[in-house]
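Trainee: One structure follows; several queries about it will come next.
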Amino acid sequence: MDRRLICALDYADLDEALTVLDRVKPYVGAFKIGHGLVLQHGLEVIGKIRDHGVERVFLDLKFHDIPNSVALAVRHAARYGVWMMTLHISGGPAMITAAVEEAKTCREDEAPLLVGVSVLTSLDQHVLRDHLGVSRTLETQVESLSRLGTECGLDGVVCSVHEARAIREAVGHKIIVTPGIRPSSGETEDQARVGDGRCAIEAGADYLVIGRALTSSSDPARALAAMGLEPSGFPA
Ligand code: C5P
């Protein structure tokens, strides 16, 4: 198992998710769930996954709302015992601070890690500039949001492999999570900023979120090797 690896369970069907979970569990340290499973099964799905022998559940609902609403979401979700959860840094400093303050009210052993999404890994420079009206470079935007998030007290940030090295300088010892992990010759699908696992670790990522490139394979060790993550590197 490599505790740096997080498997994204992007399913709505729980049986399907649990089948993948059983197959991948020996290799990863956490499982991430999002809108698919939560909208279909409610937050109780967190307990079902934990009952399946998973210690770390990452709730990726990417909260983005007014401060009061996000604080409410953090309070409610934390009761289900999640290890890590996400919000969008672009929700602004008051929203982030409200979430951070709410997380601090949790019992110390139950407080979730709060990580902020900088710029989605599905977006590229063109979309950012021509559709979202952000005139600065994508790298500068990721860095600026990462600084804002961590200055407001987040435990870490989510960015692509491409920005991870620069973000390490910006956020110091805070957590860096990188999705968009693919084999170097693989399909990018709906992602725009991708990299393989070896590059992510070399760039200083603490955690790698891996979804379809891992979950669609019947042989997780082989899938990870194709992403530069050698099975020999996994402690038994
Ligand atoms: O299948 P794939 O590896 O592309 O899945 C990536 C996962 O990481 C998805 O669950 C997606 O919601 C999540 N994610 C992301 N980009 C971010 C934050 C989270 O792709 N910036």
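Trainee: Given labels modelled 7 Å from the Cα in the Cβ direction, how far is it in nm from residue 189 to residue 217?
Mentor: According to this spin-label approximation, the distance is 1.4 nm.
Trainee: Here is a further query. I'd like the carbon and sulfur percentage of the solvent accessible area for the chain, probe radius 1.4 Å, heavy atoms only, ligands and nucleic acids excluded. Working shown, then result.
Mentor: Values: 5400 of 10820 Å².
About 50 percent, which is the carbon plus sulfur part of the accessible surface.
Trainee: What accessible surface, in Å², does a 1.4 Å probe find on residue 198, ignoring ligands, DNA and RNA and rounding to the nearest 10?
Mentor: Taking all protein chains as shown, residue 198 has close to 110 Å².
Trainee: Next question, about the same structure. For the stretch 1-145, report the accessible area per residue in Å² (1.4 Å probe, heavy atoms, rounded to an integer). Show your work: numbers first, answer last.
Mentor: On the way: 6820 Å² over 145 residues.
That works out to 47 Å² per residue.
Trainee: If I ignore ligands, DNA and RNA and count only protein heavy atoms, how much of residue 4 is accessible to a 1.4 Å probe, in Å² to the nearest 10?
Mentor: We get 90 Å² for residue 4.
Trainee: May I ask you to rank 157, 134 by accessible area, largest first, using a 1.4 Å probe over the protein chains only?
Mentor: Working: 157 0, 134 30 Å².
The most accessible residue leads, giving 134, 157.
Trainee: For the residue pair residue 15 and residue 106, what label-to-label distance in nm results when each label sits 7 Å from Cα along the Cα-to-beta-carbon direction?
Mentor: Inter-label distance under the simple model: 3.2 nm.
Trainee: Then there is this: In nm, what is the difference between 0.36 nm times the number of residues separating residue 198 and residue 35 and their Cα-Cα distance?
Mentor: Contour length minus Cα-Cα distance gives 55.8 nm.
Trainee: Given the pairs 62/174; 25/62; 32/62, which span a C-alpha to C-alpha distance of over 21 angstrom in this model? Kindly include the intermediate steps, with their values, before the conclusion.
Mentor: On the way: 62/174 18 Å; 25/62 24 Å; 32/62 12 Å.
Violating the 21 Å limit, Cα to Cα: 25/62.
The values are calculated or read from the model by the stated rules, or taken from the named source; none is laboratory data. Please read all numbers here as calculations on a predicted model, not as lab measurements. Please note: Cβ atoms are built from the backbone with ideal geometry, for glycine as well, and neighbour counts cover all protein chains shown. What goes into the accessible areas is simple: the full protein's heavy atoms, side chains included, and nothing from ligands, DNA or RNA. Shrake-Rupley method; radii C 1.70, N 1.55, O 1.52, S 1.80 Å.
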